[in-house]
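Beneath this line is the structure, given in structure tokens, with notes to follow.
The values are calculated or read from the model by the stated rules, or taken from the named source; none is laboratory data. Remember, it's a predicted structure, so these values are computed and weren't measured experimentally. Here the Cβ positions follow ideal geometry from the backbone for every residue, glycine too, while neighbour counts run over all protein chains shown.
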């Protein structure tokens with residue numbers, strides 16, 4: 001990130017994205033065409049627009065007790081944040097449904113020169129080919145400047161780093177639904193440009209998913225995805241971490257995931273989402289970067305009137321097949337990551353909402369340099385337009 005970036009950068013970014021969405025909408029007719037993909041209910045308002053949008057801004061403050069995810073000398077800082085989101089969507093006509101979404105948050109830590117910034121944008125177009133088949137195209141963009149855990153990407157000498165860079169990805173998919181079942185196939189490609197010490201890379205892969213409705217508001221899903229990741233400058237290494245000149249490092253992550261989504265009561269106040277996953281990664285060298293991971297996560301949401309609340313927990317266990325703690329400590333490198341959090345929100349009016357949240361992250365590991373713990377407490381307000 002450019003030195004001296006000021007806090008309102010996210011505001012300007014979101015304002016630009018909002019202007020883009022307005023321009024996109026203005027290029028279309030405001031009234032509904034005759035070829036709407038499905039009959040419209042008779043009680044819909046006469047001023048219903050073909051394009052619609054929502055825009056929200058937010059600001060808040062909080063405290064993080066380990067800003068750099070340090071394993072030995074955590075430093076806590078208070079922070080304040082500003083951000084927002086914009087969403088534009090088009091009613092389905094001629095079988096097409098188009099959506100655009102962008103969000104961004106800028107976090108400024110008091111007494112620290114480097115802020116953290118995350119901007120995400122996504123556009124998607126879905127075409128209904130028939131009652132059973134759908135075809136879709138999507139494009140995503142991200143800019144990230146944050147201190148994150150990179151232990152699965154790097155060696156045992158770099159487990160936490162400042163990730164700064166852009167990414168651009170695209171996907172195309174084909175989906176079929178029949179009865180209570182559905183199946184989907186996807187091809188995707190992504191390009192990520194990162195600043196040192198991390199290396200940029202190109203990724204291409206595929207994903208296959210199947211699912212079944214087990215109740216009116218409950219469903220099961222199972223997916224398998226695999227990819228090839230080619231780094232720009234990184235070289236293959238031996239099991240002793242010696243580089244192999246003239247080579248180019250590649251990795252092949254594969255992920256199997258099962259999910260269960262359910263509405264738990266007739267009034268639809270309670271919704272639960274459970275995921276279980278297994279990941280296997282192999283590199284194209286001697287296998288120094290090979291690892292396996294077992295994951296489990298659950299999120300429970302509750303809404304009632306003006307109130308909403310959610311609680312989540314995630315657990316991941318990583319085992320590195322050929323990495324040791326150090327040259328002198330030959331124990332195998334392994335770590336367990338624990339994430340948990342709770343969020344409470346209240347709508348004070350149709351446009352204004354207050355939020356209070358707490359999150360907890362911890363890395364339990366054999367190696368001391370892989371360990372860290374962080375608590376974040378924050379409060380904020382959101383305004384919608």
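Assorted remarks:
- Residues in the range 70-85 that are in contact with a helix residue (DSSP H, G or I) (Cβ under 7 Å, 6 or more places away or on another chain) and closer than 20 Å to residue 369 by Cβ: 71 alone.
- Restricting the range 72-102 to residues that are touching a strand residue (DSSP E or B) at 6+ places or on another chain (Cβ under 8 Å) and free of Cβ contacts under 8 Å to residues at least 24 places away in the same chain, the residue that is farthest from residue 50 (Cα to Cα): 76
- Candidate set: the range 230-245, residues that are closer than 14 Å to residue 193 by Cβ and assigned to a loop (DSSP other than H, G, I, E, B); chosen: the one nearest to the chain's Cα centre (by Cα): 232
- Scanning the range 323-365 for residues that are more than 27 Å from residue 282 (Cβ to Cβ), in contact with a strand residue (DSSP E or B) (Cβ under 6 Å, 6 or more places away or on another chain) and modelled with pLDDT under 95 turns up just one, 351.
- Single condition residue 181 does not satisfy, out of (1) farther than 18 Å from residue 140 by Cβ; (2) surrounded by 15 or more Cβ atoms within 10 Å (Cβ to Cβ); (3) without any contact (Cβ under 8 Å) to a residue 40 or more places away in the chain: (2)
- Some residue of the range 127-146 being crowded, with 16+ Cβ neighbours inside 10 Å, more than 22 Å from residue 90 (Cβ to Cβ) and in contact with a helix residue (DSSP H, G or I) (Cβ under 9 Å, 6 or more places away or on another chain): yes
- Cβ pairs under 8 Å, 6+ apart, first in the range 43-56 and at negative phi and modelled with pLDDT of 70 or more, second surrounded by fewer than 15 Cβ atoms within 10 Å (Cβ to Cβ) and part of a strand (DSSP E or B): 56/383
- Here residue 277 fits the description: free of Cβ contacts under 8 Å to residues at least 24 places away in the same chain, within 22 Å of the chain's Cα centre (by Cα), closer than 28 Å to residue 219 by Cβ and surrounded by 15 or more Cβ atoms within 10 Å (Cβ to Cβ).
- Count - residues of the range 304-318 that are surrounded by fewer than 16 Cβ atoms within 10 Å (Cβ to Cβ) and either touching a residue at least 24 places away in the same chain (Cβ under 8 Å) or within 26 Å of residue 209 (Cβ to Cβ) (or both): 8
- Matching residues, the range 329-349, being over 20 Å from the mean Cα position of the chain (by Cα) and farther than 17 Å from residue 371 by Cβ: 330, 344, 345, 346, 347, 348, 349
- For residue 151, the criteria (1) surrounded by 14 or more Cβ atoms within 10 Å (Cβ to Cβ); (2) out of contact with any helix residue (DSSP H, G or I) (no Cβ under 9 Å at 6 or more places or on another chain) hold in every case but one, which is (2).
- Within the span defined as the range 374-381, one or more residues are more than 26 Å from residue 73 (Cβ to Cβ), surrounded by fewer than 15 Cβ atoms within 10 Å (Cβ to Cβ) and in contact (Cβ under 8 Å) with a residue 60 or more places away in the chain.
- A single member of 215, 196 is exposed (fewer than 15 other Cβ atoms within 10 Å of the Cβ), out of contact with any strand residue (DSSP E or B) (no Cβ under 6 Å at 6 or more places or on another chain) and in contact (Cβ under 8 Å) with a residue 40 or more places away in the chain, and it is 215.
- Yes/no for residue 335 being surrounded by 14 or more Cβ atoms within 10 Å (Cβ to Cβ) and either at positive phi or touching a helix residue (DSSP H, G or I) at 6+ places or on another chain (Cβ under 6 Å) (or both): yes
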